[in-house]
1. I'd like to verify a number: residues in the stretch 146-183 that are more than 25 Å from Gly200 (Cα to Cα) and in contact with a helix residue (DSSP H, G or I) (Cβ under 8 Å, 6 or more places away or on another chain), how many?
2. Residues of the stretch 213-229 being over 16 Å from Asp155 (Cα atoms) and surrounded by 13 or more Cβ atoms within 10 Å (Cβ to Cβ), which ones?
3. Which of the numbered conditions does Leu166 fail, given that it passes all the others? Conditions: (1) modelled with pLDDT under 95; (2) outside any loop (DSSP other than H, G, I, E, B); (3) surrounded by 19 or more Cβ atoms within 10 Å (Cβ to Cβ).
4. Taking Glu239 and the conditions (1) surrounded by 12 or more Cβ atoms within 10 Å (Cβ to Cβ); (2) over 20 Å from the mean Cα position of the chain (by Cα), which numbered condition does it fall short on, given that it satisfies the others?
5. Please count how many residues of the stretch 245-263 are free of Cβ contacts under 8 Å to residues at least 40 places away in the same chain and closer than 19 Å to Gln193 by Cβ.
6. Can you confirm whether the stretch 138-155 contains a residue that is of a type in the set (D, E, K, R), assigned to a helix (DSSP H, G or I) and modelled with pLDDT under 95?
7. If a residue counts only when it is touching a His at 6+ places or on another chain (Cβ under 9 Å), which helices (runs of 4 or more DSSP H) contained entirely in the stretch 174-263 have at least 2 such residues?
Amino acid sequence: MSRPKVAFFDFTSCEGCQLTVVDTLQTHPELLDAVEIVQFREAMTEKGEDYQIAFVEGSCARKSDEERLARIRQQAQIVVALGACAHLGGINAIRNRLPLEAVVNCVYNENGDWSETHPYGRPRLSDRLINVEPTAKPIEAIITVDAILPGCPIDREEFARVTRQLLQGSQPRVPDYPLCVECKFKENVCLFQRGQVCLGPVIRAGCGAICPTYGESCEGCRGPISNPNMDSMQSVLAEAGLTADDLLSRFSMFGTYQMMKLE
């Protein structure tokens, strides 16, 4: 019996989630026995185009990305958004609040030699903008996504669990309850009681509350839960002497795309 063929794709991202996958496969070799990986730039030079499951890391940040995503969606039976950039738009979406020309100027300045449309010359700034999307987007803004693996980076054990569920024909489930639940299980002191702003009451659990456990506030890399209790969140903020603006400024790290959709 043939094994399902799997491919990994990278769009605008640091590729840290794919490196987490590589680490995971070293401790879960049974996953390698269960599938045939046909494309994975971080781990192999071969490049097959016949696959049933596609893991996509990174946000859609160029016009050409949309066509490439459409081809992946047409080929794959299952598409998984791998990490915060693919799932939310992530840190890349922070640029959406600035004029595109200002962003390109900041990044390239006078060194804009490389451009998808002008690979050998030094294009004018206006030329460099031709293939750049005005906004960075999560991949679900372009194609249908069958499952998500949230986080920055993803959690390795969650990747192993979700992959097993996919191979068994089950719909993968990731937690959809607040991070505060995991903090309670770990008996962490609430960071609001320490004078810090934390997104835990409205952000998806599943990371083991790793940031609050080490005294750092949650910045929302796993995205908001489906039905956040905003009344309760307002009460928590009021008790701590904080406002919604204090919360939103922190949420913008990974959730700028979602915030701008609500404006």
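1. So the answer is 4.
2. Ser217, Pro224, Ile225, Pro228, Asn229
3. Failing condition for Leu166: (1).
4. (1)
5. Residues meeting the conditions: 0.
6. Looking for residues that are of a type in the set (D, E, K, R), assigned to a helix (DSSP H, G or I) and modelled with pLDDT under 95, one finds none in the stretch 138-155, hence no.
7. Passing ranges: none, list empty.
Listed here are the residues, each with its yes/no results for (1) in the same structural domain as Val35 (by TED's automatic domain parsing); (2) of a type outside the set (S, T, N, Q); (3) closer than 30 Å to Val35 by Cα.
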| site | (1), (2), (3) |
| --- | --- |
| Leu199 | no, yes, no |
| Gly206 | no, yes, yes |
| Asn227 | no, no, no |
| Gln234 | no, no, no |
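The values are calculated or read from the model by the stated rules, or taken from the named source; none is laboratory data. This is a predicted model, so every value here is computed, not measured. Glycine also receives a Cβ, built like all others from the backbone with ideal geometry; neighbour counts cover every protein chain displayed.
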